[in-house]
Amino acid sequence: MNKKHVTMLTVAGLCLALAGCGAQSSPTNSGSSSSSLLASKSSEKMSADNLSPQQMVSVVTTYAGNKYGKDWATTAKSAHKSTLQVDLYNANHYKLSSKGQGVAYNVHANNQSSKLVYTVDGDNVNIFSNASSSKDAKKLGTVSRKSMVNYLNKNGQSAYANQLAKNAQVNDKRNGDDSSSSSSSSSNGKYGNAGVLNVPSAMQGTWYSKDNQITFGQNTIQTYGHSYHIYKQSKAFAENNDNYTNKAIQDATKDWMRGYTFDHDGMHWLNLRTWTQGAGDGAYYAVHTETIDGQQVKVLVEAGGAGIWTEEVYYQTQSMAKQNAHRKFDDLRYQDD
């Protein structure tokens, strides 16, 4: 697979990466009384510049629970006792006044249903309640990531958000309402399908480069409006080259990618190829930490070729991607070095 083809297939939306600065929340109070907060105040702080996908979901939930109360507060408290989950749907799944970048994030606790949704619109998050496919959702506000984190720090709620993030789960359901596990069970054994491959949790979410975005779900990758399921491929299937040129198999697996993980140069990599790809190395992805302006920043490295050479670096916000569009890092390997 050549570099251009890989870039088209590799994906682009959870993490829901938003710019570190931007619009302030539609009308917002400067603080909250202790009695209205989800938890007792803590001195723990968090930064808006380097959030993991799980932290981002937790920040939105903790902010909305404190700010708007009601169902958001109930869900935040339930998730604190169990598990925080967010399901990704196409924005048209709900009647929303602000569809953002086309993805709706449905927040709930421990497999419970909810009507709590948010969308990402550039640097900002639109927060809703009472979301459904038949009635207009109630828009509660629009707020930047930086403003949410500042609110949590000021009101001593960052420790609560970090606790939620520890077990937060991201489920991509944009190829239908079935979960990845149920989709896998119906596909298991077909065309060499050996079961779903779990994307490393640190990699899940949305990452931005200067001209592209990639979204990883628990077992999916999404780009250019299309989502691919990621599976393991059986050795027996791979050993029969006729499988890769069979038109019926190609058509049946057009939404599948095969993947595997491995360690190389001190980094944990995910390799992806189209299901029936023959020659070519596919695309490699790894989450890495770089120092930018004195700050430790998580980035997503995209690499290719036999030497696993760095081809692109993705960031958790669009603003960082633009600011560092031409930056090269000394600890990464580039083919032209």
Consider GLN335 against the criteria (1) within 27 Å of GLY189 (Cβ to Cβ); (2) of a type outside the set (Lys, Arg); (3) not assigned by TED's automatic domain parsing to the domain that holds SER201: it satisfies all of them except one. Which criterion is unmet? (1)
Residue tally, condition more than 17 Å from VAL120 (Cα to Cα) and either crowded, with 21+ Cβ neighbours inside 10 Å or not charged (D, E, K, R) (or both), over the range 35-49: 10
LEU332 vs. criteria at pLDDT 95 or above, assigned to a loop (DSSP other than H, G, I, E, B) and farther than 17 Å from ASN193 by Cβ: yes
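Rundown of residues vs (1) loosely packed, with under 12 Cβ neighbours inside 10 Å; (2) closer than 21 Å to MET320 by Cβ; (3) not charged (D, E, K, R), yes/no style:
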| residue | (1), (2), (3) |
| --- | --- |
| ALA248 | yes, no, yes |
| LYS254 | no, no, no |
| MET267 | no, yes, yes |
| TRP275 | no, no, yes |
| ALA286 | no, yes, yes |
| ILE292 | no, yes, yes |
| GLN296 | yes, yes, yes |
Give me the residue from the range 224-257 that is in a strand (DSSP E or B) and closer than 21 Å to TRP207 by Cβ and, out of that set, modelled with the lowest pLDDT. HIS226
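Only one of ASN110, ASN90, ASN150 is within 15 Å of the chain's Cα centre (by Cα) and surrounded by fewer than 20 Cβ atoms within 10 Å (Cβ to Cβ). Can you tell me which?
One residue alone meets the criteria, ASN90.
For residues that are part of a helix (DSSP H, G or I) and among the hydroxyl-bearing types (Ser, Thr, Tyr), tally how many sit in the range 43-71.
Within the range 43-71, residues that are part of a helix (DSSP H, G or I) and among the hydroxyl-bearing types (Ser, Thr, Tyr) number 5.
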Yes or no: THR276 of a type outside the set (Asp, Glu), in the same structural domain as ALA194 (by TED's automatic domain parsing) and either within 30 Å of SER144 (Cβ to Cβ) or part of a helix (DSSP H, G or I) (or both)? no
Condition (residue is modelled with pLDDT of 95 or more, within 30 Å of LYS235 (Cβ to Cβ), touching a helix residue (DSSP H, G or I) at 6+ places or on another chain (Cβ under 8 Å) and not small (Gly, Ala, Ser)) applied to the range 282-289: is it met by at least one residue? yes
In this structure, does TRP207 turn out to be crowded, with 22+ Cβ neighbours inside 10 Å, more than 19 Å from the chain's Cα centre (by Cα) and at negative phi? no
Scan of the range 191-222 for residues that are of a type in the set (Gly, Ala, Ser) and part of a strand (DSSP E or B), ordered by number: ALA194, GLY195, GLY205
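The values are calculated or read from the model by the stated rules, or taken from the named source; none is laboratory data. Please read all numbers here as calculations on a predicted model, not as lab measurements. Glycine gets a Cβ as well: all are built from the backbone with ideal geometry, and neighbour counts include every protein chain shown.
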